[in-house]
Structure formats: C-alpha cells, structure tokens
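Asker: Can you keep this structure in mind? I'll have questions shortly.
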Amino acid sequence: MWIADHWKDYAVLDCGGGEKIERWGNQILQRPDPQAIWPRDKDCKIWNKPNAIYHRSNAGGGKWEIRKLPEQWAIHYGDLTFQLKPMSFKHTGLFPEQAANWDFIDKMIRHAGRPINVLNLFAYTGGATLAAANAGASVCHVDASKGMVQWAKENAASSGLSDRPIRWIVDDCKYDAIIMDPPSYGRGPSGETWKIEEDVADFIDLTMGVLSDKPLFVLISSYSTGLAPSVMSYLLGITAGKRAAGKIEAQELGLPVESTGLVLPCGSSARFIAEE
C-alpha cells in the first residue's frame with residue numbers, strides 16, 4: 001500500500017463504525033467512511049470534539065453540522081498550500097491520501113534530467129498540478145468544473161506558484177507525463193453519461209494519443225470499488241505499455257490512523273514508469 005504518512009497538518013485521528021475523525025490543520029472534522037467497518041475506539045475522546053460533522057441522509061447526500069468552523073482555512077504539505085472549505089457530499093476540496101502520489105510525481109520530475117510537460121486530467125483543485133509545477137514541470141490542468149479550476153488557481157497562488165507554467169486550458173501538445181483521477185460516475189454538459197467500468201478503458205487508450213515519444217510516467221487513480229489495483233495495472237499495460245518500455249506498479253492508497261496504528265484504505269492508484 002502507498003501510504004501518505006508525511007503529513008504534518010493532517011491526520012486521521014481515529015476511525016470506525018463507518019466514520020472517521022480527522023485533523024485538518026486546527027480543525028477537527030467527522031465524516032462518513034464506508035471502509036471503516038470495524039468498531040470505533042471507545043476510549044478515543046477526540047470524537048467528543050469535532051468542529052463539524054457531516055451527516056449522511058438516508059435519501060442520499062447529506063449535510064454538514066457546523067459547530068465552530070471557519071468558512072475557509074489553509075493547510076500545508078511541504079511547499080504546497082491548500083485552501084479548504086466544507087463542500088456538499090462531505091468533501092473539503094482535498095484528498096490527503098493523494099500525497100503519496102504527489103511525492104511520486106515530485107521525485108519522477110526532479111530526477112528526469114530534462115524538461116517535462118504534464119497533462120493532469122480530472123484535476124480537481126490541483127494537488128497533482130501543484131506537485132508537478134513545484135518540481136519544475138510545465139502543466140496543463142484540465143477539469144470540467146470552472147469552480148474547481150478557479151479553486152486550483154487559488155491554491156497555486158497560496159503556494160507561490162502563480163508564475164509557474166501552468167495552463168488551465170486544453171490544447172494539442174504532447175505530454176511526457178499524464179495524471180488522471182476519473183470519477184466513478186458523471187454527466188457531461190449535453191447529458192452524456194460516464195461510467196468508469198464501461199468507459200475508462202477506451203478513455204485511457206485515447207489519452208495515450210497525447211503521450212510523447214519519450215514518456216516519463218502515467219498515473220491513474222480511482223475511488224471506485226469495482227476497479228482493483230490489479231485491474232488498473234492491466235489497463236495501463238495494454239495502453240501505455242504498448243507505446244513504450246517500462247514497468248507498472250499498482251497499490252491501494254492509505255492513510256495511517258493515529259489511535260490504532262491501522263491504515264485506512266482510500267482508493268487505489270496504478271503507475272506506468274517508462275524505462276530511461
């Protein structure tokens with residue numbers, strides 16, 4: 001498992017009973033987590049002190065119970081700064097387990113020994129974009145939501161990366177590295193439906209058309225329970241693996257739990273690393 005264990009501003013304090021309680025900077029949030037099916041630690045007093053709790057509705061969705069929480073606040077990961085706020089469907093604008101992939105992105109780009117162009121698809125609020133830009137890459141950041149792109153720009157400004165070569169548009173360049181985190185389900189502006197199990201294979205194959213002749217890596221993440229790490233590695237093997245020699249790695253992503261020493265599963269990732 002690739003574990004995001006280098007956080008200073010974030011931690012899973014405890015989890016169980018279908019929920020987790022986390023520290024985001026100075027704020028304590030309690031949120032549902034379907035992976036935490038074991039019993040909650042009854043002696044963990046932190047459950048009595050959340051700044052906000054997300055309550056899931058039996059009819060779908062849910063809402064935040066705000067006790068004492070600012071409208072927006074910042075946390076840091078190394079040189080990067082992220083602006084957070086409670087969103088609908090329990091999110092905060094950041095997936096902290098992806099820090100394991102940010103470390104991988106940083107290492108690959110810094111050790112490449114050449115200029116690197118990165119395409120980041122389904123880029124959300126820009127965690128991978130900032131990691132790549134901070135390591136010295138030129139990045140094209142793509143997301144269907146204008147609000148998410150604006151949020152990513154704010155994160156770039158907070159991280160001192162506004163002057164880096166980040167393009168917030170789609171273009172026809174070739175890219176040495178491609179990062180994607182496709183949703184499990186979605187709808188396009190004209191009512192098109194996206195189902196990851198049905199559409200991701202063709203999408204990955206199509207995306208490989210913008211991979212350069214000398215690629216560095218391809219990284220794909222998924223939060224769909226139907227896509228095991230091995231399945232994702234097979235998808236990369238029959239797409240990126242046909243275009244260049246290299247190796248494929250695949251693992252779950254996880255976050256360490258302070259109270260118990262367990263690791264909370266948080267999705268999975270697969271990486272194609274081209275031979276030098």
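The values are calculated or read from the model by the stated rules, or taken from the named source; none is laboratory data. What you see is a predicted model; the values in this text were computed from it and never measured. Reconstructed Cβ throughout: ideal geometry from the backbone, glycine too, with neighbour counts over all protein chains shown. We work out accessible area using only protein heavy atoms, side chains counted, and drop any ligands, DNA or RNA first. Shrake-Rupley method; radii C 1.70, N 1.55, O 1.52, S 1.80 Å.
Asker: Quick check, is Lys214 open to solvent by 20 Å² or more (accessible area, probe 1.4 Å), in contact (Cβ under 8 Å) with a residue 40 or more places away in the chain and basic (Lys, Arg)?
Answerer: Yes: the conditions hold for Lys214.
Asker: Might you check whether a residue that is in contact with a strand residue (DSSP E or B) (Cβ under 9 Å, 6 or more places away or on another chain), open to solvent by 60 Å² or more (accessible area, probe 1.4 Å) and of a type outside the set (D, E, K, R) occurs anywhere in the range 122-130?
Answerer: yes
Asker: For a quick check of your reading of the model, give me the residue pairs whose first member lies in the range 19-31 and is closer than 17 Å to Gly78 by Cα, whose second is in a loop (DSSP other than H, G, I, E, B) and of a type in the set (Asp, Glu), with beta-carbon atoms closer than 7 Å and at least 6 apart or on different chains.
Answerer: Final answer for the pair search is Gly25/Asp9.
Asker: Still on this structure, I have one more. For the range 83-109, how many residues are modelled with pLDDT of 95 or more, among the hydrophobic types (A, V, I, L, M, F, W, C) and either on the phi > 0 side of the Ramachandran plot or not in a helix (DSSP H, G or I) (or both)?
Answerer: Here the count works out to 3.
Asker: Mind listing whichever residues of the range 1-58 are among the acidic types (Asp, Glu) and either out of contact with any strand residue (DSSP E or B) (no Cβ under 9 Å at 6 or more places or on another chain) or part of a loop (DSSP other than H, G, I, E, B) (or both)?
Answerer: Asp5, Asp9, Asp33, Asp41, Asp43
Asker: For the range 136-161, which positions are open to solvent by 20 Å² or more (accessible area, probe 1.4 Å), at pLDDT 95 or above and over 17 Å from Leu84 (Cβ atoms)?
Answerer: Gly136, Ser138, Gly160
Asker: Here's another thing I want to ask about it. Does the range 57-75 hold any residues that are open to solvent by 90 Å² or more (accessible area, probe 1.4 Å) and touching a Phe, Trp or Tyr at 6+ places or on another chain (Cβ under 9 Å), and which are they?
Answerer: Across the range 57-75, the qualifying residue is only Lys63.
Asker: Touching a helix residue (DSSP H, G or I) at 6+ places or on another chain (Cβ under 8 Å) and over 21 Å from Pro215 (Cβ atoms): does that describe Asp106?
Answerer: no
Asker: So which residues in the range 15-53 are at positive phi and surrounded by 16 or more Cβ atoms within 10 Å (Cβ to Cβ), if there are any at all?
Answerer: Answer for the range 15-53, where residues must be at positive phi and surrounded by 16 or more Cβ atoms within 10 Å (Cβ to Cβ): just Gly16.
Asker: Any chance you could count how many residues in the range 159-211 are touching a residue at least 40 places away in the same chain (Cβ under 8 Å) and of a type in the set (Asp, Glu)?
Answerer: Result for the range 159-211: 2.
Asker: If you check Arg114 against the conditions, is it part of a loop (DSSP other than H, G, I, E, B) and more than 19 Å from Phe217 (Cβ to Cβ)?
Answerer: no
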